[in-house]
1. Got the relative contact order for segment 119-181 handy, in percent, Cα pairs under 8 Å and 6 or more residues apart?
2. Using just the Cα positions, wrap segment 134-188 in a convex hull and report its mean projected area in square nanometres, one decimal place.
3. By the scheme Lys and Arg +1, Asp and Glu -1, what is the net charge of all other residues having a beta-carbon under 9 Å from that of Y218?
4. For the chain, set up a Gaussian network in which alpha carbons nearer than 10 Å are linked by springs, and say which option among P170, P324, P183 fluctuates the most.
5. Distance cut-off 30 Å, Cα to Cα: go down the list K45/K312; K155/K348; K315/K357; K158/K312; K283/K312 and report the pairs above it.
6. Between I159 and H29, what is the label-to-label distance in nm when each label sits 7 Å out along the Cα-to-Cβ direction?
7. Carbon and sulfur atoms: what percent of the 1.4 Å accessible area of the chain do they account for?
8. Write down the Kirkwood hydrodynamic radius of segment 1-51, to one decimal in angstroms, obtained as one divided by the mean of 1/r over all alpha carbon pairs.
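The values are calculated or read from the model by the stated rules, or taken from the named source; none is laboratory data. Just so you know, these numbers come straight off a predicted model, no measurement behind them. Don't worry about glycine lacking a Cβ; one is built from the backbone with ideal geometry, like all the others, and counts go over all protein chains shown. Ligands, DNA and RNA are stripped out before the accessible areas are found, and what is left, the full protein with its side chains, is counted by its heavy atoms. Shrake-Rupley method; radii C 1.70, N 1.55, O 1.52, S 1.80 Å.
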Amino acid sequence: MASQRASSVESFKVMDVLKRANELQAAGHNVLHCEVGQPETGAPKHVADAAVSALTEPQVMGYTDAFGLLALRQKISDHYQRHYGIAAEDVPTNRIVVTTGSSGGFLLAFTGCFDTGDFVAIASSGYPCYRNILSALGCNLATVPINDEFKLTAKELKIEIARRKQSGEPPIKGLILSSPGNPTGAMLGPEELKELCLLCEAENIQFLSDEIYHGITYGKKESTALEFSSKALIINSFSKYYSMSGWRLGWMVVPENLLDAINSLQQNMFINAPTISQTAALKCWDDETIEQLEKHVGKYRTCRQLILDQLKKFKEIDPKNVAPADGGFYIYIDLGPENIAPGFGSVKLCETLLEEKYVAFTPGIDFEDPASGMGDRRFRISYAGGIETVREAMNRFFDFWPSW
């Protein structure tokens with residue numbers, strides 16, 4: 001019998017959608033996958049070649065240091081210096097932890113930063129695994145409503161802090177937030193991120209900055225919390241920009257005061273991230289690799305525009321109900337109250353679209369605060385699957401829409 005803790009954790013709904021989509025595909029249907037945030041491209045050629053070479057050479061592929069290969073941590077440090085202008089002394093290799101995907105990073109960060117019963121702030125529209133993992137660890141959630149731009153900024157967090165103080169509720173101990181966001185694609189500007197970092201420091205809130213969609217932005221350059229705070233904990237991944245989702249590799253940049261705790265947790269929970277993946281990832285910043293990855297971003301940009309242009313034909317969908325999609329590879333849409341009815345919200349829409357037109361979108365119940373009721377109004381379209389997939393999916397959706 002499963003533990004009460006495990007039984008209380010919600011499923012990751014997008015994986016349920018993927019399961020049904022795969023069943024239909026196995027039955028012979030031409031299913032268009034716009035549900036998962038998985039790049040169609042696979043690992044860059046030089047990365048894959050490095051893995052093959054490592055496996056065919058007489059290498060043990062044994063354990064690495066708990067924090068990961070020093071050579072890889074140095075390349076990550078170099079990346080922060082080159083891409084963001086961070087000084088070398090502000091991102092030393094001893095503060096970089098190579099993790100088993102960003103998911104391993106979340107588990108290490110949540111366990112290292114928070115105790116059972118602590119209140120951790122999350123955005124009302126956000127990555128569902130934040131909520132699910134925190135709940136499994138016995139933490140309480142302080143859900144902060146996003147604003148009209150689909151963002152959680154210092155302004156929204158200040159309101160929640162003040163409300164809790166006035167009502168005598170326990171203080172917020174932490175904040176986990178992604179920018180660009182999943183599912184919204186909304187991205188904090190440099191000043192917004194700076195204000196959030198300063199507010200968290202002033203209120204003794206541990207800020208966990210999820211930056212896994214960095215590198216995939218459109219017209220705006222992303223900022224890292226490291227630019228504004230030495231106390232923020234950064235989480236990143238090789239799954240999105242680097243197109244290595246199945247290699248289960250990520251990293252964290254950890255504040256000095258948390259290093260010992262994270263080291264002990266990593267040693268006991270994971271020992272180290274997969275050695276073969278670390279070895280291959282050393283090629284991620286080669287010129288040829290970056291050139292290939294930037295071509296991927298160009299495809300995402302095309303897909304993004306295809307969806308936004310097609311959505312303009314849906315006269316019933318208010319443009320202000322489409323999230324800004326500043327980065328990442330998702331479009332998040334609010335159907336609005338006028339386009340839903342009891343039993344006929346985004347959950348039913350996504351279910352029917354999959355069964356009738358074989359197009360897989362993800363309903364908002366995966367991302368929204370369950371208490372808000374917004375989960376059955378919103379849905380997410382992933383455009384990580386390629387230009388032709390997106391074009392055909394939107395054509396099928398447009399044909400389906402009048403019947404809805």
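1. In percent, rounded to a whole number, it is 44.
2. 4.3
3. For residues surrounding Y218, the net value is +2.
4. P170
5. Over 30 Å Cα-Cα: K45/K312; K155/K348; K158/K312; K283/K312.
6. 4.1
7. 52
8. The answer is 14.1 Å.
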